[in-house]
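As structure tokens, the structure follows; a few thoughts come after it.
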There are 2 protein chains.
Amino acid sequence: MRLSQMLFVTLREDPAEAEIPSHKLLLRAGYIRRIASGVYAYLPLMWRVLKKVSQIVREEMDATGAEECLLPQLQPADLWQESGRWDTYTKAEGIMFSLVDWQKREMGLGPTHEEVITTIAREMIRSYRQLPLHLYQLQNKFRDEIRPRFGLMRGREFIMKDGYSFHTDEESLKETYRDMDRAYRNIISRCGLEFKAVEADSGAIGGAGSQEFMVLAEAGEDEVLYTEDGSYAANVEKAVALPTDAEPSPFTEFAKRETPDTNTIEKLCQFLDCSPTQIVKNVLYQAVYDNGTTVIVLVNIRGDRDVNEVKLQNALTRVADRYGGTTIVALTVPDAEAQAKWAAKPLPLGYIAPDLGDDYLQPDAKLARHILRIVDRTATDLKNFVTGANEAGYHVVGANWGDQFERPELTIDVDKAKAGDRAASNPSQTLQTARGIEVGHIFQLGTKYSTAMGATYTNEAGEEQPLVMGCYGVGVSRLAQSAVEQSYDKDGIIWPVEIAPYHAIVIVPNIKDTKQVETAETLYRELNAAGVETLLDDRDERAGVKFKDADLIGIPYRIVTGRSLKDGKVEVVERATGNRQEISIDAVVSTIGQWVDEAIEK
Amino acid sequence: MRLSQMLFVTLREDPAEAEIPSHKLLLRAGYIRRIASGVYAYLPLMWRVLKKVSQIVREEMDATGAEECLLPQLQPADLWQESGRWDTYTKAEGIMFSLVDWQKREMGLGPTHEEVITTIAREMIRSYRQLPLHLYQLQNKFRDEIRPRFGLMRGREFIMKDGYSFHTDEESLKETYRDMDRAYRNIISRCGLEFKAVEADSGAIGGAGSQEFMVLAEAGEDEVLYTEDGSYAANVEKAVALPTDAEPSPFTEFAKRETPDTNTIEKLCQFLDCSPTQIVKNVLYQAVYDNGTTVIVLVNIRGDRDVNEVKLQNALTRVADRYGGTTIVALTVPDAEAQAKWAAKPLPLGYIAPDLGDDYLQPDAKLARHILRIVDRTATDLKNFVTGANEAGYHVVGANWGDQFERPELTIDVDKAKAGDRAASNPSQTLQTARGIEVGHIFQLGTKYSTAMGATYTNEAGEEQPLVMGCYGVGVSRLAQSAVEQSYDKDGIIWPVEIAPYHAIVIVPNIKDTKQVETAETLYRELNAAGVETLLDDRDERAGVKFKDADLIGIPYRIVTGRSLKDGKVEVVERATGNRQEISIDAVVSTIGQWVDEAIEK
């Protein structure tokens, strides 16, 4: 393609709307254009990148035997009501756009396709002989994001590959899950990116196990914890640490102490001259279930640890049926206004005991079992601990479970792992931290959707069984922008050769120079004919402008038909390294062709 | 692909939801699955067809120098308000789905992209040196159809290629328009379809000239009129005929006659013993403009002709500014209830004169110029004609324009051409009729959108000018189904080789026969390796079931590893012709490879 015939417009200045480098660069270099908040047009150069990423995804998926299809973006509400996700997705979390057609029928714009694929499976799969089966698609997805940001990273319309597999049993599911792990690693590697596969929380999708693929970059919205030896890596939402041992408590006798102005762990430790590992910290939350029920949650955790709210939310979701709900619509630290709805008098914040006394609650909160105590594993084995006295300005010391405080009914892991902790799975290793961009996520769904929607098959014994499912997603547009976030410099983008919109750009410094133009035209033609996708900068612009633009848009190899033409040579510059060399005109096509092949095979 | 590992389910019976053959067959053969009214999942076989059609579209578009991009499906309402189409598209015609995001901002789901591309052009195009420019995309479009039907033919979610070109002047636009005419002919031919390019009405898209590409098929929703010699073809909505000459009138004196029970042309001719060509028929309409104004329209047309309501609507749109509107939201024949809103007394339907007398109108209708008379060209030259007397049971004869009736202010063509008429452009030719499926439509938009949205460029003289635009659409999913509508038999689909999901299918009649299985596996492997896309029916089913399924799904070449194996041969059947031949196993790959190449190059 000739730049003179393309929609090619670059910007000198960083656009105000962009915060992170990749977003700025894609806008400046004319790859994308904002149409609405979180909604972008992919201009021709960007679309070429996205087609290349899509093609790599297709090849790797097809190699596993998965079949490509295309499911509708418009999804009838009743399918989502069957799975029980309509309210969560359209109201509570505000994830799904919904609309009504002219007949006032409700529909959603698909952010994901479990419901649609499960209804197809329900109608078409009858027998174990049709299994396993794996369908995938590449498609625009929609999310009514609360805060769209970072360009294609968190948009309201974005391209995903999503796949769904169906199995007779967990064994078969795990086999496909392992295949997808391999396929996803191949996809991200072939796009030229560095990444980590990490244990992940399954969130609103649900199911047993799940794993995320994180492209490492400063601008990543996720935190990853990992061990140096590679034996463990997890999203901080999911990570499990083995905290340091608690120091033995100096308080061997139970006593209530006046501890003025000690409403933080730090102040309390200072006042009592003790270690935070000797304290049971009591953190108050309030959960609202989808049926409207509010539950007051008190988490007891060791003084040096923090609550992982994702783990807490999952725990509360698991006990949803106690409260007649199915899912949580809000989990917050209640403010004074929220407390006033169920508290009988102001709470002694900073001095709360492991059990919030009955006299702090309005009668109906006590009666309706709308208070739930959860103890984290870090606090269950503490002895002679310090904790709040349920009275402002007072703590107790030398307390013990079973003596002064009943053991809470739920003992679970809601501990937030952090860098410096030992890995629970391998205590000899210390957890390190990194920022990551989640580009892929694979899930073992199990029978969550098939049971809810009645999608069954008949096994060899003639019995009807729910289909066992997996699902697998990779963000195509996010992956493409991640490549920029991982690879740029002060002059612009440095595309990996594998997904660069073009491999090479031929620049004519002076289009009035016939010799320069002729050589460039010949090389442009021959390179393209040899399969090296090549641009020709034939614009009537100064050479400096052309070099700047070529750097900005990040084409891997730049060929300049300049001064060295008199020696039968052209200058070739590699974008990534800045290496320059003079190459004989006859050798340009074969040399660059070879570089491209090597880069792509690598 | 092996059928045993595919989502492959065929139905014995025609599904009740389908009306036309192609829709029935695509459902029965497992190509598509209905998810909601007018919303379909494309299962793997269908998706292969759609990818092939898309690839042909891309190749032909790229060959013209157009650049592929991808624009958002979510479109902010304000862009459509700028162009003035928001109300028409979301309310009046009910074409566009609209929704609000969580911040209550209105958005539409794109049925077309003039607004989005024009805003991009407005921001990025500055100079004539950037022109001409042509961007296209392949994408799911949405329409809130009043009556979705015929499967992919008229869906609410469907795949289109739409392209938009930008020019300095009409000359450059026409050049690209001609390129698109050629490209579209190539696309449809390469998909193996028979079609006609016809003059078309531009509808809600607007602009000067437009042309449709009609795939000829009985089930087509459009009527095409054409001449045998190929010199003329047009959509009936647009077609211009030269009606037969009027017979000279026998009524040389003006007179009012009592004509009881003659409220149809036929009865009137019988009663007066005259020809319908001697009558001026007066047809009443009511148009509602987008500003709410209602206009009563009386069309005078020759007795043997009918009103083309598309032409009428266009004429009324052209005079919209007289009534303070910009577009028509409803054009109807007013029923008694509607008439009561502006009529002073019941109208003498069947006996109305060319001018509806003032005493039939309520005073404000008279005053506000809310009545418009239009005379069709067929009625302007009539002499001594018969027409209504504005009194039930009475007509006048021997009437003349300028004598008894004022000539109407608007003389235009609102005549509905029909088979048997002479072509206006070539009166020696008679118009023929055919049914067509509109698969493509190209438009010369001119400056409609660029003027409305302020998209300009600076010309060589330094003056700011509105961009001149064209737009070009082809229905990818509709084209694919059209292929089936044009090519099937009682046993199933007969795909053109060019867009068949697979070229060949190898059938093992008996999977317990090792020799059959081995030969089939070898051929399956070798055919695919040679680029012949081949299925293997390795299911544990009776041979008859396999043959029926192969016919139903319409794969061009069937290879059966059956009885003739003992002679070193296999049976090869061509789906389209039913021709069978025994081919030596060694020659199968090269023979079928050659057939496929020939079919695709053809």
Check your understanding: How about region A:529-551: which of its residues are surrounded by 14 or more Cβ atoms within 10 Å (Cβ to Cβ), of a type in the set (Lys, Arg) and not in a helix (DSSP H, G or I)?
Key -> A:Arg539
Check your understanding: Can you tell me how many residues in region A:421-474 are in a loop (DSSP other than H, G, I, E, B), polar (S, T, N, Q) and assigned by TED's automatic domain parsing to the domain that holds A:Gln211?
Key -> 2
Review point. Does A:Glu123 satisfy the condition of being open to solvent by 10 Å² or more (accessible area, probe 1.4 Å), in the same structural domain as A:Ala36 (by TED's automatic domain parsing), among the acidic types (Asp, Glu) and over 22 Å from B:Leu152 (Cα atoms)?
Key: no
Practice item. Return a yes/no flag: does region A:32-52 have any residue that is at positive phi and in the same structural domain as A:Ile188 (by TED's automatic domain parsing). Key: yes
Practice item. Go through region A:79-125 residue by residue and tally those that are within 9 Å of chain B (Cβ to nearest Cβ), free of Cβ contacts under 8 Å to residues at least 40 places away in the same chain and either over 25 Å from B:Arg28 (Cβ atoms) or among the charged types (D, E, K, R) (or both). Key: 10
Review point. If we keep just the residues of region B:132-147 that are more than 10 Å from chain A (Cβ to nearest Cβ) and part of a loop (DSSP other than H, G, I, E, B), which is surrounded by the fewest Cβ atoms within 10 Å (Cβ to Cβ)?
Key: B:Arg147
Review point. Taking only pairs six or more apart or across chains, which ones have beta-carbon atoms under 8 Å, a first residue in region B:386-409 that is under 11 Å from B:Val280 (Cα atoms) and not assigned by TED's automatic domain parsing to the domain that holds B:Pro276, and a second residue that is open to solvent by less than 20 Å² (accessible area, probe 1.4 Å) and at pLDDT 95 or above?
Key: none
Practice item. Residue by residue through region A:498-522, note down the ones that are surrounded by fewer than 22 Cβ atoms within 10 Å (Cβ to Cβ) and aliphatic (A, V, I, L, M). Key: A:Ile511, A:Val517
Point to revise | Members of region B:148-176 found to be among the hydroxyl-bearing types (Ser, Thr, Tyr) and in a strand (DSSP E or B), listed by number | key: B:Tyr164, B:Ser165
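Could you list, in sequence order, the residues of region B:518-560 that are among the aliphatic types (A, V, I, L, M) and either without any contact (Cβ under 8 Å) to a residue 40 or more places away in the chain or touching a Gly at 6+ places or on another chain (Cβ under 6 Å) (or both)? Talk me through it step by step, then tell me what you get.
Our first condition is that a residue be among the aliphatic types (A, V, I, L, M); within region B:518-560, this holds for B:520, B:523, B:527, B:529-530, B:532, B:535-536, B:543, B:545, B:550, B:552-553, B:555, B:559-560.
Selection gives B:Ala529, B:Ala530, B:Val532, B:Ala543, B:Val545, B:Leu552.
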Review point. If we only count strands (runs of 3 or more DSSP E) wholly inside region A:276-343, which ones have 1 or more residues that are modelled with pLDDT of 95 or more and open to solvent by less than 20 Å² (accessible area, probe 1.4 Å)?
Key: A:280-289, A:294-302
Review point. Would region A:372-379 turn up any residue that is part of a loop (DSSP other than H, G, I, E, B) and either open to solvent by 20 Å² or more (accessible area, probe 1.4 Å) or of a type outside the set (Val, Ile, Thr) (or both)?
Key: no
Revision key, fill the gap. A:Glu526 passes all but one of the listed conditions (1) in a helix (DSSP H, G or I); (2) within 36 Å of the chain's Cα centre (by Cα); the exception is number (2)
Practice item. Return the pairs, sorted by first residue and then second, in which the second residue is open to solvent by 70 Å² or more (accessible area, probe 1.4 Å), the first residue lies in region B:177-198 and is on the phi < 0 side of the Ramachandran plot, the beta carbons are less than 7 Å apart, and the residues are 6+ apart or on different chains. Key: B:Ala197/B:Arg185
Exercise for review: Filter region A:9-33 down to residues that are touching a residue at least 40 places away in the same chain (Cβ under 8 Å) and either facing another protein chain (nearest Cβ under 9 Å) or assigned to a strand (DSSP E or B) (or both) and give me whichever is nearest to A:Val476 (Cα to Cα).
Suggested key: A:Ile32
Review point. Looking at (1) out of contact with any Asp or Glu (no Cβ under 7 Å at 6 or more places or on another chain); (2) more than 12 Å from every other protein chain (Cβ to nearest Cβ), can you tell me which one A:Met1 breaks?
Key: (2)
Review point. Taking the stated definitions as given, is B:Ala200 more than 12 Å from chain A (Cβ to nearest Cβ), modelled with pLDDT under 95 and open to solvent by less than 50 Å² (accessible area, probe 1.4 Å)?
Key: yes
Study note, to complete from the structure: Within region A:438-466, residues under 28 Å from A:Ala200 (Cβ atoms) and polar (S, T, N, Q) come out as A:Gln444, A:Thr447, A:Ser450, A:Thr451, A:Gln465
Review point. Checking A:Gly163 against (1) open to solvent by 40 Å² or more (accessible area, probe 1.4 Å); (2) more than 10 Å from every other protein chain (Cβ to nearest Cβ); (3) modelled with pLDDT of 95 or more, which test does it fail?
Key: (1)
Review point. Quick one: would you say B:Asp62 is open to solvent by 10 Å² or more (accessible area, probe 1.4 Å) and free of Cβ contacts under 8 Å to residues at least 60 places away in the same chain?
Key: yes
Exercise for review: Could you check B:Asp78 against (1) modelled with pLDDT of 95 or more; (2) surrounded by 18 or more Cβ atoms within 10 Å (Cβ to Cβ) and say which number it fails?
Suggested key: (2)
Revision key, fill the gap. Taking region A:242-273 and keeping residues under 20 Å from A:Gly398 (Cβ atoms) and assigned to a helix (DSSP H, G or I) leaves A:Ile265, A:Lys267, A:Leu268, A:Cys269, A:Gln270, A:Phe271, A:Leu272
Study note, to complete from the structure: Of the residues in region B:81-90, those that are under 20 Å from A:Leu74 (Cβ atoms) and surrounded by fewer than 22 Cβ atoms within 10 Å (Cβ to Cβ) number 1
Review point. Applying the selection to region A:47-78, what residues are more than 8 Å from chain B (Cβ to nearest Cβ) and hydrophobic (A, V, I, L, M, F, W, C)?
Key: A:Val49, A:Val53, A:Ile56, A:Val57, A:Met61, A:Ala63, A:Ala66, A:Ala77
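The values are calculated or read from the model by the stated rules, or taken from the named source; none is laboratory data. These numbers come from a predicted model, not from an experiment. Because the Cβ atoms are built from the backbone with ideal geometry, glycine has one as well, and the counts that use them run over all protein chains shown. Heavy atoms of the whole protein, side chains included, go into the accessibility calculation; ligands, DNA and RNA do not. Shrake-Rupley method; radii C 1.70, N 1.55, O 1.52, S 1.80 Å.
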